[in-house]
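Trainee: First the structure, which I've put down as structure tokens, then a few questions once you've had a look.
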Amino acid sequence: MHVPDGYLSPATCAALYAGAAPFWFVALRRLERTLHTRLVPRVSLFAAFSFVVMMFNIPLPGGTTGHAVGMALAAIVLGPAGAILAISTALIIQAFFFGDGGITAIGANCFNMAIVGSLVAFVVYRVLAGRAPLDSPRRVVAAGLAGYVAINAAALVTAIEFGLQPLLFLDASGAPLYCPYPLSVAVPAMMIGHLTIAGIAELVLTGGVVAFLQRTDPALLAATAGRGVMAIAGNSAAASGGLRPLWITLGVLLVLTPLGLLAGGAAWGEWQASDFSDAASRQAIAAASLGQPPPATPPRGLERFSSTWTAPLPDYAPPFLRSAPVGYALSAMFGAGLVILAITGIAALLRVRQRAGTADDTVRL
Amino acid sequence: MSGNVRPRGGFAERTVNGLLEAMERAMLAETNAAGTGWLQRLDPRVKLAGLLSLVTAVAMSHRAEVIAALFGVGIAIAIASRLPLSTLLSGVSLATVAFSSALALPAIFLTPGRTVGTAPVVGWTITAQGLTTAGYLVLRVAATTTLGFLLVFSTRWAHVLKALRAFRVPVVFVVILGMTYRYILLLLEAARDMFDARRSRTVGPLTGGERRRLVTQGAGVLLAKSLHLSGEVFLAMQARGFRGEVYLLDDFVMARTDWIALASCAGVALAAMWAGR
């Protein structure tokens, strides 16, 4: 999982540093607000723990052993902000000091494991654990599954980064400059190992440690148990001031969307039925498919279902606009707006349900 | 903590061995950093900037011979700095390169391109592009790993961290990195003692479930110990007047040799970027 130097292009590494930076910034700000002077020792000690626990050989069913990252454990005990900083710190020291993961790939490794892994683990744990008591077996299952899903999500993101390299970075002879494996090889190669050995190692470690903490020190699980007992992680997303950099990043990305118009041809696999009869399109499909020629006729399923639904903004170009860049940006704003609207709606519904639950508890008391 | 090779055993032995190796690596780095070689005499900021520029040049180069030349530069610097080349190559670079070679091997057959031969027995097609891409991968990994370890094996960790301030890394993050490193050594020792103690009291083989429980309980104890320790460290910091503001003593001074070394590294990196474009 630790990406070494040389597997990702400098452009990819730079993009992933840039992608990780706002998360580091927000996590640091949030922890400074909630932990104050305790920030330095708390994050340092947990990062040291994460580093050491990554070296544990975990016995797995079948007689083999595997290593875990501990991202879900960090997210459960410290919350997502603490986990992002602690795991990032451990990864930086691993890269600099032990050569485990490249120096140019620190941003990528932190993005994949510390950010994607911790956030996925936190969401899965919160959703599956629900409002179960701290000592409930449900929390052990939720923790184990959070670890399993988180490490696989991180592995998938890593595999996608690998798989994009031969599509984007070739030398003059057509040889891939960095990771040589396309998505069709990189994704299964990464996922087989993580869905089996690494995922189970993460599941065993996270579930096992949470079960142990339930018996010995359940207070350590209270911070992220919902209706926070300890405000370590600043779980409330209501601190919108801390989200400002993310909003700014989103705005910048929206403005930059017309850059997509610079990319020639269609994305791999996003072909239309008519592309199979057009000579130029057929050539483009073959070039993008490692020389594999497309079938002579469009696949029957594609032909049948392609007309089932007509998008309101086809090809990101609203029919009432003549300027392609403006149409592209408008489509991005419309899409992002819909996503934000849906998430706001779901969050409002969850708040209503939570309030109803709190009212029930009060009546019972 | 001798450098002898220990016999590989069960999961507990492997864990203890891994922890010991990490501690040995830390000790070795500190010992080498105190040497009198060329790199050890340079300002840590110069080493960090210079070696990172060479790593960047390796990453940006599109020509295998340029990457190989930068690898050679790394080896030459190691020799000039009297760093243990055998440790660097056998213990560090070779392990990483062997892993990358194993990963790169299928690319020789899977990468489409001009056929240059077939593999004996299996008859798989070898392509020129496949050989080139495998070469890129292995050379890049060898060069960057060697350059990265030159920094670590020639600079005390505290100085690497202090040098990070020159790159505008937030001071709080630098302090977290420093404190983490210090407590990694402490927790490594605690974990090793824990596994050793348990191993000395274990007679006969353990079942799979028992072994898993042993590891997860060990991790749980270590976690509780870490958080407890963080509370104690915080109280100790408060007792010494810590109020959240962090200051570092930036006492590095650039000498003439530092400027020459910085210019040389930057020159080599720029030349490599130009030649490998």
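Trainee: Would region B:143-160 turn up any residue that is of a type in the set (Gly, Ala, Ser) and over 22 Å from B:PHE252 (Cβ atoms)? Lay out the reasoning, then the answer.
Mentor: First, the residues of region B:143-160 that are of a type in the set (Gly, Ala, Ser): B:143, B:148, B:154, B:158.
Filter once more, keeping what is over 22 Å from B:PHE252 (Cβ atoms): B:143.
There is at least one residue in region B:143-160 that is of a type in the set (Gly, Ala, Ser) and over 22 Å from B:PHE252 (Cβ atoms).
Trainee: One residue is enough: does region A:130-142 have a residue meeting the conditions within 14 Å of chain B (Cβ to nearest Cβ) and more than 13 Å from A:GLY207 (Cα to Cα)?
Mentor: Scanning region A:130-142 turns up no residue that is within 14 Å of chain B (Cβ to nearest Cβ) and more than 13 Å from A:GLY207 (Cα to Cα).
Trainee: List the pairs whose first member sits in region A:286-303 and is surrounded by 14 or more Cβ atoms within 10 Å (Cβ to Cβ) and in a loop (DSSP other than H, G, I, E, B), whose second member is of a type in the set (Gly, Ala, Ser) and at pLDDT 70 or above, and whose Cβ atoms are under 6 Å apart, counting only residues at least 6 apart or on separate chains?
Mentor: These pairs meet every condition: A:PRO298/A:ALA273.
Trainee: State whether one or more residues within region B:134-148 are within 7 Å of chain A (Cβ to nearest Cβ), touching a strand residue (DSSP E or B) at 6+ places or on another chain (Cβ under 8 Å) and surrounded by 15 or more Cβ atoms within 10 Å (Cβ to Cβ).
Mentor: Scanning region B:134-148, I find at least one residue that is within 7 Å of chain A (Cβ to nearest Cβ), touching a strand residue (DSSP E or B) at 6+ places or on another chain (Cβ under 8 Å) and surrounded by 15 or more Cβ atoms within 10 Å (Cβ to Cβ), so the answer is yes.
Trainee: Can you say whether B:VAL138 is of a type outside the set (Lys, Arg), part of a helix (DSSP H, G or I) and out of contact with any Ser or Thr (no Cβ under 9 Å at 6 or more places or on another chain), as far as the supplied structure shows? Full working, then the answer.
Mentor: Numbers: of a type outside the set (Lys, Arg): yes; part of a helix (DSSP H, G or I): yes; out of contact with any Ser or Thr (no Cβ under 9 Å at 6 or more places or on another chain): no.
So B:VAL138 fails the test.
Trainee: Let me ask another. Of the residues B:LEU147, B:LEU151, only one is closer than 16 Å to B:LEU39 by Cβ, under 16 Å from the mean Cα position of the chain (by Cα), in a helix (DSSP H, G or I) and at pLDDT 85 or above; which?
Mentor: None of the others qualify; the one that does is B:LEU147.
Trainee: A further question on this structure: Answer yes if at least one residue in region B:83-97 is more than 12 Å from chain A (Cβ to nearest Cβ), surrounded by fewer than 19 Cβ atoms within 10 Å (Cβ to Cβ), modelled with pLDDT of 80 or more and outside any helix (DSSP H, G or I), and no otherwise.
Mentor: no
Trainee: May I pose another question? Within region A:190-212, which residues are within 10 Å of chain B (Cβ to nearest Cβ) and surrounded by fewer than 18 Cβ atoms within 10 Å (Cβ to Cβ)?
Mentor: none
Yes/no per residue for (1) in a helix (DSSP H, G or I); (2) surrounded by fewer than 22 Cβ atoms within 10 Å (Cβ to Cβ):
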{"site": "A:GLY147", "(1), (2)": "yes, no"}
{"site": "A:PRO166", "(1), (2)": "yes, no"}
{"site": "A:PRO180", "(1), (2)": "no, no"}
{"site": "A:PRO188", "(1), (2)": "yes, yes"}
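Trainee: Could you list all residues from region A:1-15 that are β-branched (Val, Ile, Thr) and within 20 Å of B:VAL97 (Cβ to Cβ)?
Mentor: Scanning region A:1-15 gives a single hit, A:VAL3.
Trainee: Test A:LEU119 against the stated conditions and say whether it is closer than 16 Å to A:CYS13 by Cβ and in contact with a helix residue (DSSP H, G or I) (Cβ under 8 Å, 6 or more places away or on another chain).
Mentor: So A:LEU119 does not fit the description; no.
Trainee: State whether the residues of region B:111-118 include one that is surrounded by 15 or more Cβ atoms within 10 Å (Cβ to Cβ), on the phi < 0 side of the Ramachandran plot, facing another protein chain (nearest Cβ under 8 Å) and not in a loop (DSSP other than H, G, I, E, B).
Mentor: No, that holds for no residue.
Trainee: List the residue pairs whose Cβ atoms are under 9 Å apart, where the first residue sits in region B:164-179 and is within 7 Å of another protein chain (Cβ to nearest Cβ), the second is hydrophobic (A, V, I, L, M, F, W, C) and not in a helix (DSSP H, G or I), and the two are 6 or more positions apart or on different chains.
Mentor: Short answer, once both residue conditions are applied: B:VAL172/B:VAL246; B:VAL175/B:VAL246; B:VAL175/B:LEU248; B:LEU177/B:VAL169.
Trainee: Take the conditions of a type in the set (D, E, K, R), more than 16 Å from B:ALA22 (Cβ to Cβ) and more than 7 Å from every other protein chain (Cβ to nearest Cβ) and apply them to B:ARG199. Does it pass?
Mentor: yes
Trainee: State all residues of region B:43-53 that are away from every other protein chain (no Cβ under 11 Å) and closer than 17 Å to A:PHE96 by Cβ; if no residue qualifies, say none.
Mentor: Once the filter is applied, which keeps residues that are away from every other protein chain (no Cβ under 11 Å) and closer than 17 Å to A:PHE96 by Cβ, region B:43-53 yields B:PRO44, B:ARG45, B:VAL46, B:LYS47, B:ALA49, B:GLY50, B:SER53.
Trainee: Out of the residues in region B:202-240 that are more than 15 Å from A:ASN57 (Cα to Cα) and of a type in the set (Lys, Arg), which is farthest from the other protein chains (Cβ to nearest Cβ)?
Mentor: Among residues in region B:202-240 that are more than 15 Å from A:ASN57 (Cα to Cα) and of a type in the set (Lys, Arg), the one farthest from the other protein chains (Cβ to nearest Cβ) is B:ARG240.
The values are calculated or read from the model by the stated rules, or taken from the named source; none is laboratory data. Please read all numbers here as calculations on a predicted model, not as lab measurements. Backbone-built Cβ (ideal geometry, glycine too); neighbour counts: all protein chains shown.
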